[in-house]
Amino acid sequence: MKPRLLRLFVLPLSGVLVVTGLATMSSASSVTTVNVVGYSTVSAAYSALEMAFQTTPAGQGVTFTNSFGPSGTQAQDVVAGQPADIVNLSLEPDMQTVVSAGLVSTNWASNPIVKSEHGMVTDSTVVLVVRPGNPLGIKGWNNLSNASVQLITPDPISSGSAKWNLLAAYESQLEQGRSAKQAKSYLNTLISRVIAEPSSGSKALSSFLAGTGNVLLAYESDALTAGPGSKFQIIYPKQNLLIENPAALTTTGLAKPAAVAFFNYLFSIPGQSILMTQHYRSTLSVFQKAVKSQFYTPSSLITIAKMGGWTKVWNKFFATNGLVTLDEAAHGYTS
């Protein structure tokens, strides 16, 4: 039986909460805790960022609580009361959920700290993950419509990764010169090949590594961090979509100097260097030459801006009568 889509308005407090990095301090009164809430696959990167930050003068005596899970679920959890000083979500509409609740400033993307990056702390792309030896001979997006494909991609209601995956798949057809009607048909066929929809990108990867399916759609950063080779192979499609991950200080974070300092660190050269080692594409202009040398370059790389912006994209694909919503329902992924 196929997994059921979750309703957008019924999302539990399901992010995993952990406490990391207890720094040496003179007394309990010197402790400052920064609450970080993020999408599932960025967890390892924050472990590295927080440890490095605690070695800086601004990080002395700072501890962290981390909650990571499906991006859409995490945004809803923050609205429902999950403590959050910094939110790092998968995509802008999830950030807008927190903004609409009054927990993040409406001008979060034009904050002077991150003005040149438009609020995006990292970039990535979508990759195709296959079994060792690539037994199906997957070369790109078009092969995913083959009847032999058993596809794993997260639940597009809870997961930002899933939304990026499906948008990239649709746009790959347009980039190859196909019509909107043909792209819609391809998307419908692609969804019919899905055999499991875990709630998040990280759970989708775990499911694939445990033996489910024969092709996984994943963040480039997550696949590289997991360590390809004997476990799986990564196929880099010629057509791709630029994944842009937003980060912002909440109203409580803005009032907490340690949270502001750590947020600054995320966008600093040292912070972005760490994110690069975690296989994220830096958003700082100073790193763009390094990004081009370290990561693959698709033949075509579309952006949400080129697609008309998130409002248009959301209505076309994820609203009640959106292409993804209707296709998911047609193939049994219903609430």
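The values are calculated or read from the model by the stated rules, or taken from the named source; none is laboratory data. Keep in mind the model is a prediction, meaning the values are calculated, not measured. Glycine gets a Cβ as well: all are built from the backbone with ideal geometry, and neighbour counts include every protein chain shown.
Data table
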{"quantity": "Residue match in the stretch 281-295 (condition: exposed (fewer than 15 other Cβ atoms within 10 Å of the Cβ) and touching a strand residue (DSSP E or B) at 6+ places or on another chain (Cβ under 9 Å))", "calculated": "yes"}
{"quantity": "Any hit, the stretch 44-56, residues being surrounded by fewer than 19 Cβ atoms within 10 Å (Cβ to Cβ) and within 14 Å of the chain's Cα centre (by Cα)", "calculated": "yes"}
{"quantity": "Filter result for Pro93 (in contact (Cβ under 8 Å) with a residue 12 or more places away in the chain, out of contact with any Pro (no Cβ under 7 Å at 6 or more places or on another chain) and closer than 20 Å to Ile243 by Cα)", "calculated": "yes"}
{"quantity": "Test: Phe263 is hydrophobic (A, V, I, L, M, F, W, C), touching a strand residue (DSSP E or B) at 6+ places or on another chain (Cβ under 7 Å) and not assigned by TED's automatic domain parsing to the domain that holds Ala162", "calculated": "yes"}
{"quantity": "Residue among Ala259, Ala305, Ala319 that is over 27 Å from Gln176 (Cβ atoms) and of a type in the set (A, V, I, L, M)", "calculated": "Ala259"}
{"quantity": "Condition check for Val78: at pLDDT 95 or above, in a strand (DSSP E or B) and either touching a strand residue (DSSP E or B) at 6+ places or on another chain (Cβ under 6 Å) or not assigned by TED's automatic domain parsing to the domain that holds Ala259 (or both)", "calculated": "no"}
{"quantity": "Selection within the stretch 211-260 - hydrophobic (A, V, I, L, M, F, W, C), in the same structural domain as Val42 (by TED's automatic domain parsing) and either in a helix (DSSP H, G or I) or more than 26 Å from Met307 (Cα to Cα) (or both)", "calculated": "Leu249, Leu254, Ala255, Ala258, Ala259, Val260"}
{"quantity": "Only one of Ala223, Ala196 that is in contact (Cβ under 8 Å) with a residue 40 or more places away in the chain, within 26 Å of Glu92 (Cα to Cα) and surrounded by fewer than 20 Cβ atoms within 10 Å (Cβ to Cβ)", "calculated": "Ala196"}
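Every residue, every condition in (1) assigned to a strand (DSSP E or B); (2) within 21 Å of the chain's Cα centre (by Cα), yes or no:
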| residue | (1), (2) |
| --- | --- |
| Thr65 | yes, yes |
| Ser90 | no, yes |
| Ala147 | no, no |
| Ser161 | no, yes |
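Per-residue answers, yes or no, for (1) of a type in the set (Lys, Arg); (2) in contact with a helix residue (DSSP H, G or I) (Cβ under 9 Å, 6 or more places away or on another chain):
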residue	(1), (2)
Arg178	yes, yes
Lys184	yes, yes
Asn188	no, yes
Ile191	no, yes
Lys203	yes, yes
Val215	no, yes
Glu220	no, no
Asn240	no, yes
